[in-house]
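Structure, as structure tokens:
Every read-out reported here was derived from the displayed coordinates using simple, explicitly stated rules and does not represent laboratory data. Since this is a predicted model, take the numbers as computed values, not measurements. Every residue, glycine as well, gets a Cβ built from its backbone with ideal geometry; the counts of neighbours run over all protein chains shown.
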């Protein structure tokens, strides 16, 4: 008979509170685990599509525990999975155990099941960011051929069967060495020890200078996966237009329907589409044929899927595409510029200093203009990291769209940051060129808020510092994710406002107590309590069994924005700013044309007749700007032309 996981009973013994299930309830970073499917005969499969809540009954099938929390994808456990199918597990276990023993790192070794595989567990005191774990896993794979790095490189869905959990071929994961009983997988490994382990492994695999030739081509960071209000996964960020290639494939009858569906779904996931966007096109888009119909052998016509089968297939294929897109972001361009490594190192160290200084004075960002000022500072850091230079040209509309703020608010915050010495204005804006701003290396005496509003001594240990060459990539990923959290219609002034957005963003790590939120944000206790009440009212947060606050499992920001009537506010603003940019470029072109020397009327007339403007930017062929009967430029009429275009 099917049990509450939706699968037939596998025959595995079930008890009221067996120890193998109790340990999951005590240590799991998330509220649910993955549960294995079983075939018609009740045999457990090596597929984990179902879920079980850790407070519910013990599943009938084997289960696997997530290694990360579901908000920041930080690793609470490092699980080395040594697989006998890949080679000599005992040899790799000996090497890994020697490393851990040399560093005094506490670890637990489990026999994963009857096949002879081994799971080596590290339980972290300080949860480790996913990019750092991924880098360690890639290095470790070079020295440990039997290591399966999937759980350590897939922060969103990576799982491992915990100690004492059943195996699909019989038996259980048995603890061979390490703490047992109530101390099983107790947090014992610090960020400093994790760093030392990575340095040791990295040194071991680069001794012969072959590491870069052998290293797998995996990106340095993993994009987090969110769940929308329908529970469907998606990548964070604003929805974009599909690439021309994917647009063409979507509109073209496919030669291979299965392959086309896969490519379209991955392209849509990378463009930050949601599953609902694809479902809306199922009945009309030729490229989605595989979702509508099923292949038949011997050249027979494809048969139409039932509505239930279609829904299930799209949900499964979409989830797989989002996972793939999250784990395989577009690779950075390859450069042979010899100045790149030192420049990347320098900009990484500068941004690290700027961000560390800003984090050390949370009270600065709790004042009325604080949240918007911090967003602008973070956006400048993103631009600096992208350009690999501390001086960047940034117009207020571009920064406004990056931060979810208005252009005038952005302008005021830039000058506010400049007055504090955090940035300096270099070349002022002129014509088509925007202001050039330079990030300044912080000093404690420069910032008036840095002395009195520092964080308490009770803060958790700092996360591990990556090597300097990875600081730029780490901060770029971190800040992009932070701005994505904050750039939402809900956090506009007509919505819940930027201060609640800051509190919501602070909850992106593991659950926090109200006291921790007060310390991290420097808001008064009463303000925090009021903010949490509003967030709970819109189902944006929840409270766990210990009274700590965390984000809701489903991302309900869109629903809350619709409730408050602000849904689409940022899209409208982006469209308005784009029109303003076009109008300004048109005006500059008109001024250039008017400044042509009157001594060369032929040149002026030729430019006017050929292009209507002396435009360097030729993708705006609006002709001469409209003029009033007095010969003055008619700006309202020009705006109407741009808006219509």
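For this structure, a couple of remarks:
- Which of 119, 499 has the fewest Cβ neighbours within 10 Å, and the rest in rising order: 499, 119
- Taking N as its residue count, the alpha carbon Rg of region 338-456 over 2.2 N^0.38 Å: 1.05
- Taking 576, 275, 482 and counting other C-beta atoms within 10 Å, the order from fewest to most: 576, 482, 275
- Ranking of 436, 308 by count of other Cβ atoms within 10 Å, fewest first: 308, 436
- Note on region 100-149: Kirkwood radius taken over Cα pairs, Stokes-Einstein applied at 37 °C and 0.692 mPa s, translational D equal to 261 µm² s⁻¹.
- Here region 226-327 yields Rg over Rh of 0.97, to two decimals, using C-alpha coordinates and the Kirkwood radius.
- Between residue 43 and residue 579, the contour length at 0.36 nm per residue exceeds the alpha carbon distance by 186.8 nm.
- log₁₀ of I(q)/I(0) at q = 0.17, 0.18, 0.20 Å⁻¹ - region 260-406, Debye sum with one point per alpha carbon: -1.00, -1.06, -1.17
- In summary, the convex hull built on the alpha carbon positions of region 19-214 has an orientation-averaged projected area of 10.9 nm².
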